[in-house]
Protein chains: 2
Amino acid sequence: MREAAATDNRPYHHGDLRRALIDAARRLLETEGPTALSLRAVAREAGVSPAAPYHHFKDKGELLDAVAHEGWDLLNELMTAARASHASVRDKLTALGVAYVRFARDNPALYRVMYDCSRDKDSLPDHVHAQNDSAYCQVRDTLVEAGADPMDEQELELATTAAWCAAHGLAEMFSFKQFDHLKDALGGDEAFLRGVFEHMGIFGAAHHG
Amino acid sequence: MREAAATDNRPYHHGDLRRALIDAARRLLETEGPTALSLRAVAREAGVSPAAPYHHFKDKGELLDAVAHEGWDLLNELMTAARASHASVRDKLTALGVAYVRFARDNPALYRVMYDCSRDKDSLPDHVHAQNDSAYCQVRDTLVEAGADPMDEQELELATTAAWCAAHGLAEMFSFKQFDHLKDALGGDEAFLRGVFEHMGIFGAAHHG
DNA sequence: AAGATGATCTTTACGGCGTCCAGATTCAGT
DNA sequence: ACTGAATCTGGACGCCGTAAAGATCATCTT
């Protein structure tokens with residue numbers, strides 16, 4: 001299987017295999033789900049031998065880390081946009097929570113990889129928690145805007161952590177069919193989200209009534 | 001618990017292999033972690049051939065389902081006890097939340113299996129959500145005690161769901177080392193838990209000053 | 001220009017996995 | 001005691017992650 005075929009423009013050395021592998025992994029993740037995401041399948045999808053990825057990633061875990069990294073970046077972007085597109089502090093908080101859960105709903109496999117990678121290391125990636133434009137910091141800063149005392153660091157961290165936990169919990173519960181009838185009764189996913197947030201006293205969704 | 005005769009005494013037909021397999025799985029889960037939990041390893045631990053489990057479980061998933069089932073039962077028991085051992089409604093709610101997260105902290109591998117099995121089916125087990133003494137119903141009933149209107153079914157379900165999500169989110173975040181400094185600053189795991197719950201407006205942990 | 005060097009990719013191989021199948025063994029009902 | 005069903009073993013298949021050794025190619029040195 002040398003070069004022979006003129007149509008097979010793939011050279012022996014792939015241009016940017018690292019990039020291609022990450023893309024292939026994300027493609028597989030969307031189409032086949034997380035259980036189908038084997039290193040060999042990714043290599044196959046990228047049109048390369050099963051051992052090729054080892055020249056770009058130490059092991060399967062490192063490839064998944066790279067995929068997860070892009071997931072966190074995307075989430076950070078979405079939350080930045082959500083925060084920016086509302087005026088009042090209350091609306092910003094709600095929008096942040098809704099954007100978070102919506103991301104998890106729209107990218108369930110990616111969301112899972114993001115937390116699975118973190119769990120394997122007992123640690124979230126730095127750019128999720130520490131970095132300035134991280135999702136964590138966006139929530140924290142908005143809480144300060146909302147009146148939290150930035151001097152009382154512990155309370156502020158607790159409140160941000162509480163918000164993060166609440167959003168993550170809702171994101172994971174969201175897909176269970178046990179809540180389908182509630183979603184229907186309330187008139188859709190979005191209303192369900194806001195309804196739950198209302199009761200969490202964190203994301204302060206608009207209360208009706 | 002029936003013992004597995006390690007000597008040559010073992011009869012061809014195991015007494016209760018189904019039971020022994022579940023116990024072996026739980027033993028492996030505690031000692032080796034969730035990644036080491038293969039069907040073959042479980043069979044090995046139970047002193048039986050790799051194909052033997054197939055006479056008691058359709059596939060690996062069904063064995064995990066059985067393990068998860070016992071996990072939910074244990075969680076239900078712990079929450080029943082937590083609820084019963086406090087007088088005031090507020091203390092009951094706090095105790096329920098703390099018991100939940102404590103269970104996840106003390107049985108991380110089991111907790112993981114419980115939700116992985118559910119996610120694979122997009123559905124929580126019935127006896128977790130519907131059954132009368134389920135964890136869900138315990139929280140819901142306590143919320144009614146706390147003054148929630150049982151006639152307003154939707155609001156009650158939303159509040160219970162919010163509590164569930166909050167507890168699950170905290171349970172999953174708990175192990176990340178990002179929060180270690182907060183735990184230390186607050187004086188331990190327990191204080192951290194209560195601190196977060198305080199901000200969730202659900203489990204109504206001990207009032208702030 | 002020629003050759004050496006190192007990076008990249010392939011081939012092959014190993015052990016472990018989930019699962020199926022054909023036998024061996026034992027139990028239960030006649 | 002005989003028969004049939006239930007239970008367990010041994011072996012096989014194709015997948016997986018990973019490692020080692022060889023093939024191919026880009027680049028740097030001279």
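Can you pull out the buried accessible area for chains B and A, both sides counted, probe 1.4 Å, rounded to the nearest 100 Å²?
On the way: alone 12100 and 12290 Å², together 20460 Å².
Its buried surface, counting both partners, is about 3900 Å².
What list of ³J(HN,Hα) couplings, whole Hz, do you get for segment A:66-82 from phi and the Karplus terms 6.51, -1.76, 1.60, once you set θ to phi - 60° and write x for glycine and proline?
5, 5, 4, 4, 5, x, 5, 4, 4, 4, 4, 4, 4, 6, 4, 5, 4
Going 7 Å from Cα along the Cα-Cβ axis for the label, what nanometre distances separate A:Ser175 from the same residue across the other copies?
1.9
Most mobile of B:Pro53, B:Pro150, B:Pro34 per a Gaussian network model of chain B (Cα springs, under 10 Å)?
Per the Cα network of chain B with a 10 Å cutoff, B:Pro150 tops the list.
Would you work out the charge dipole size for the protein assembly as shown about its Cα centre, treating the Cβ of every Lys and Arg as +1 and the Cβ of every Asp and Glu as -1, and quote it to the nearest 20 debye?
Using Cβ point charges on Lys, Arg, Asp and Glu, the protein assembly as shown gives about 1240 debye.
At B:Ser85, label 7 Å along Cα→Cβ: distances to the other copies, nm, ascending?
Result for B:Ser85, in nm, nearest copy first: 4.8.
For Cα pairs less than 8 Å apart in space and 6+ apart in sequence, what is the mean separation divided by the residue count of segment B:75-209, i.e. the relative contact order in percent?
Numbers: 128 pairs, mean separation 41.6, N = 135.
Relative contact order here is 31 percent.
Taking a spot 7 Å from the Cα of B:Glu190 along the direction of its beta carbon, which residues of segment B:65-96 have an amide N less than 20 Å from it?
B:78-96
On a 0 to 90° scale, report how tilted helix A:89-106 is relative to the longest principal axis of chain A, with both axes built from alpha carbons and the result rounded to the nearest 10.
Roughly 30 degrees between the two axes.
Which stretch or stretches of segment A:34-77 have amide N atoms under 14 Å from the point lying 7 Å from A:Asp116's Cα along the Cα→Cβ direction?
A:34-42, A:60-69
Among B:Ala68, B:Ala46, B:Ala130, which one moves the most in a GNM of chain B with springs linking Cα atoms closer than 10 Å?
Most flexible of the set in this elastic network: B:Ala130.
When the helix-only estimate is applied to chain A (DSSP H runs of n ≥ 4, each -39,500 (n - 2.57), divided by the residue count), what is the mean residue ellipticity at 222 nm, nearest 500 deg cm²/dmol? Please list the in-between numbers first.
Working: 10 runs with 133 residues, N = 209.
So the calculated ellipticity at 222 nm is -20500 deg cm²/dmol.
Loop only by DSSP, 11 or fewer other Cβ within 10 Å of the Cβ. Give me the trypsin sites (Lys or Arg not before Pro) in segment B:42-129 that pass, ordered by residue number. Don't jump to the answer; show the numbers that get you there.
Values: sites: B:Arg44, B:Lys58, B:Lys60, B:Arg83, B:Arg90, B:Lys92, B:Arg102, B:Arg105, B:Arg112, B:Arg119, B:Lys121; in loops: B:Lys58.
In loop regions of segment B:42-129 (DSSP not H, G, I, E or B), the sparsely surrounded trypsin sites (Lys or Arg not before Pro) are B:Lys58.
Leaving out ligands, DNA and RNA, and with a 1.4 Å probe, what % of the accessible surface on chain B is carbon or sulfur? Show your work: numbers first, answer last.
On the way: 5200 of 10140 Å².
That share works out to 51 percent.
List every residue whose amide H lies under 5 Å from the amide H of A:Ser123, counting only residues 5 or more places away in sequence or on a different chain, with H placed 1.01 Å from N in the peptide plane.
B:Lys177
Could you rank B:Glu32, B:Glu172 by how accessible they are, 1.4 Å probe, largest area first? Display every interim value, and only then the final one.
Values: B:Glu32 115, B:Glu172 15 Å².
Highest to lowest solvent-accessible surface, that is B:Glu32, B:Glu172.
What figure, in Å² to the nearest 10, do you get for the accessible area of B:Ser134 with a 1.4 Å probe and non-protein molecules left out?
Approximately 0 Å² of B:Ser134 is accessible to the 1.4 Å probe.
Give me the accessible area per residue for segment A:65-198, probe 1.4 Å, as a whole number in Å². Please list the in-between numbers first.
Values: 5220 Å² over 134 residues.
Accessible area per residue: 39 Å².
Just to be sure I understand: with springs between alpha-carbon atoms less than 10 Å apart, which residue in B:Leu78, B:Leu186, B:Leu64 has the highest mean-square fluctuation in the Gaussian network model of chain B?
For chain B, modelled as a Gaussian network with Cα springs under 10 Å, the answer is B:Leu186.
Say a label goes 7 Å from Cα toward Cβ at B:Asp122 in every copy; what distances in nm does this one have to the rest, shortest first?
Reported distances to equivalent positions: 3.6 nm.
What FRET efficiency comes out for the pair B:Ala148/A:Lys58, r = Cβ-Cβ distance, R0 = 45 Å, nearest 0.05? Kindly include the intermediate steps, with their values, before the conclusion.
Details: r = 52 Å, r/R0 = 1.16.
E between B:Ala148 and A:Lys58, to the nearest 0.05, is 0.30.
Mind pulling the angle between the C-alpha long axis of helix B:153-173 and the longest principal axis of chain B? Nearest 10 degrees, somewhere in 0 to 90.
Rounded to the nearest ten degrees, it is 60.
List the lysines whose alpha-carbon lies under 25 Å from that of B:Lys177, not counting same-chain residues fewer than 8 positions away?
B:Lys177 reaches A:Lys58, A:Lys60, A:Lys121.
Enter the accessible area of A:Phe103 (Å², nearest 10), with the probe set to 1.4 Å and all protein chains included.
0 Å²
The values are calculated or read from the model by the stated rules, or taken from the named source; none is laboratory data. Please read all numbers here as calculations on a predicted model, not as lab measurements. FYI the Cβ positions are ideal-geometry reconstructions off the backbone, even for glycines, and counts take in every protein chain you see. Ligands, DNA and RNA are stripped out before the accessible areas are found, and what is left, the full protein with its side chains, is counted by its heavy atoms. Shrake-Rupley method; radii C 1.70, N 1.55, O 1.52, S 1.80 Å.
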